[in-house]
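J.: Starting off with a structure, shown below.
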Amino acid sequence: MENSSDNRKVVLTCAQPTGKLHLGNYLGALKNWVSLIEGNECYFGVVDMHAITIPYVPADLRKNVYDCVAQYIACGMDPQKCNLFLQSSIVGHTELAWVLGCICPLGQLERMTQFKDKSRKHAEAINSGLLYYPVLMASDILIYNADIVPVGEDQKQHIELTRDLAQKFNFTYSDTFKVPEPYIPESGARIMSLQSPESKMSKSDPNQAGTLYITDKPDALRKKIMSAVTDSDSEVRFAPGEKPGVSNLMCIMAAFTGESMEQIQADFAGKGYGYFKKAVADVVVEGLTPVRERYEQVVADKSLIEEALKRGNEAAQRRADKIMSKVYRKVGFLKI
Ligand code: TYM
């Protein structure tokens, strides 16, 4: 599992344990992580340190970490085949973040879309952690010298910053980090809210009818999909600007079935939105039911989750230590 002397690529990615994972997380991220496990060395993190950049309750955070790992396993991340780790358990993430912060221009952080969005949403609590968030994320990636970072489209800007910081560090201190590549899926990279399809599907959407959770029961999934916002005509056609609601449902269908937009358009020509939504609901229920069933088993088994994390943390720490000792030496920190 942990062997970088062969040709396997190192894959690293993470999600925040801020609640249940939704369909955007699944289609934009988790589904692809699973497809990368075979043949690569994978590190999948639960980033609890990022999760405290917005208001939260410590007891909920603890529960959400278990929940997040259970959902990872339920989605197919077999802890025997990949390393599941908890960010706060690994020594080095925040140390590297500090080093990277010292070469990161402040202006670049202030321009980050996610910082601006979250500052708007949490105007009463704009803390420095929120601003520093992308540097910690760069550190999550570079500390494993990752080759590939599978993410949804909303993380593209953060990966760009990570690449900039890797290059800047290499230029300033000599070659140390690989410059990681983002891996963004063709369909499902940006799933939108079912109720306000101009904004992305999110855990913090005030209108929860717009968010499908991967552990929702079939009835709840169907109800939300059947009441998804569409438009006043009845043509199933892919046109995100003009028909954002229908186009979003088409993306969801395409991400599950692998069909092209043309195929979906042809299949549902003249059939109307009710019929189309029912078909989308069928596909989503069929795709998520095994995930929910597995989740219910795994989440009830705390020791399985703890074992998985223990194993993954150890592997992650070994890899992080190697890179950190190089970094400390290069920046001139004495080891006495
Ligand atoms: P987070 O927890 O918000 O989301 C986890 C993953 O889900 C993707 N995603 C989406 N994809 C499609 N449509 C959506 N509506 C949607 N919403 C979320 C995200 O792109 C992400 O891939 N900053 C990261 C966590 C992070 C990280 C890292 C990721 C911390 N360190 C290092 C990669 C590498 C985040 O907030 O993810």
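The values are calculated or read from the model by the stated rules, or taken from the named source; none is laboratory data. Values in this document were obtained by computation on a predicted structure and should not be read as measured data. Ideal geometry is used to build each Cβ from the backbone, glycine not excepted, and the neighbour counts take in all protein chains shown.
J.: Between residues in segment 30-48 that are among the basic types (Lys, Arg) and residues that are not in a helix (DSSP H, G or I), which pairs lie under 9 Å by C-beta distance while being six or more apart or on different chains?
T.: Lys31/Cys75; Lys31/Gly76; Lys31/Pro185; Lys31/Gly188
This table checks each residue for (1) β-branched (Val, Ile, Thr); (2) surrounded by fewer than 20 Cβ atoms within 10 Å (Cβ to Cβ); (3) outside the structural domain of Ala315 (by TED's automatic domain parsing).
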{"residue": "Val69", "(1), (2), (3)": "yes, no, no"}
{"residue": "Gln80", "(1), (2), (3)": "no, yes, no"}
{"residue": "Phe85", "(1), (2), (3)": "no, no, no"}
{"residue": "Leu96", "(1), (2), (3)": "no, no, no"}
{"residue": "Arg120", "(1), (2), (3)": "no, yes, no"}
{"residue": "Ala125", "(1), (2), (3)": "no, yes, no"}
{"residue": "Gly129", "(1), (2), (3)": "no, yes, no"}
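J.: For segment 261-336, give me every one of the helices (runs of 4 or more DSSP H) that falls completely inside it and has 1 or more residues that are farther than 30 Å from Thr215 by Cβ and under 22 Å from the mean Cα position of the chain (by Cα).
T.: 302-331
J.: Still on this model: Quick one: which of Val246, Val229, Val149 is among the aliphatic types (A, V, I, L, M) and part of a loop (DSSP other than H, G, I, E, B)?
T.: Val229
J.: I need the full set of residues from segment 188-201 which are more than 6 Å from the ligand (Cβ to nearest atom), touching a residue at least 12 places away in the same chain (Cβ under 8 Å) and more than 12 Å from Ser247 (Cα to Cα), in order please.
T.: Listed by number, the residues that qualify are Gln195, Ser196.
J.: Just to be sure before I move on: is Ile159 free of Cβ contacts under 8 Å to residues at least 40 places away in the same chain, of a type outside the set (Asp, Glu) and surrounded by 19 or more Cβ atoms within 10 Å (Cβ to Cβ) in the structure I sent?
T.: yes
J.: Return yes or no: is Asp117 out of contact with any helix residue (DSSP H, G or I) (no Cβ under 9 Å at 6 or more places or on another chain) and either within 13 Å of the ligand (Cβ to nearest atom) or under 30 Å from Arg8 (Cβ atoms) (or both)?
T.: yes
J.: Among the listed residues Ile159, Ile141, identify the single one that is touching a Leu at 6+ places or on another chain (Cβ under 8 Å), among the aliphatic types (A, V, I, L, M) and within 14 Å of the ligand (Cβ to nearest atom).
T.: On inspection, the qualifying residue turns out to be Ile141.
J.: Looking at Asn7, Asn32, which one is under 19 Å from Glu186 (Cβ atoms), at pLDDT below 95 and either assigned by TED's automatic domain parsing to the domain that holds Leu86 or more than 10 Å from the ligand (Cβ to nearest atom) (or both)? Please lay out each step first, then the result.
T.: Numbers: Asn7 fails: under 19 Å from Glu186 (Cβ atoms).
Of Asn7, Asn32, the one residue that is under 19 Å from Glu186 (Cβ atoms), at pLDDT below 95 and either assigned by TED's automatic domain parsing to the domain that holds Leu86 or more than 10 Å from the ligand (Cβ to nearest atom) (or both) is Asn32.
J.: Only one of (1) within 12 Å of the ligand (Cβ to nearest atom); (2) in a loop (DSSP other than H, G, I, E, B); (3) touching a Lys or Arg at 6+ places or on another chain (Cβ under 8 Å); (4) at negative phi is not met by Pro79, so which one is it?
T.: (1)
J.: For segment 95-139, name all the residues that are touching a residue at least 24 places away in the same chain (Cβ under 8 Å), aliphatic (A, V, I, L, M) and not in a helix (DSSP H, G or I).
T.: Ile103, Met112
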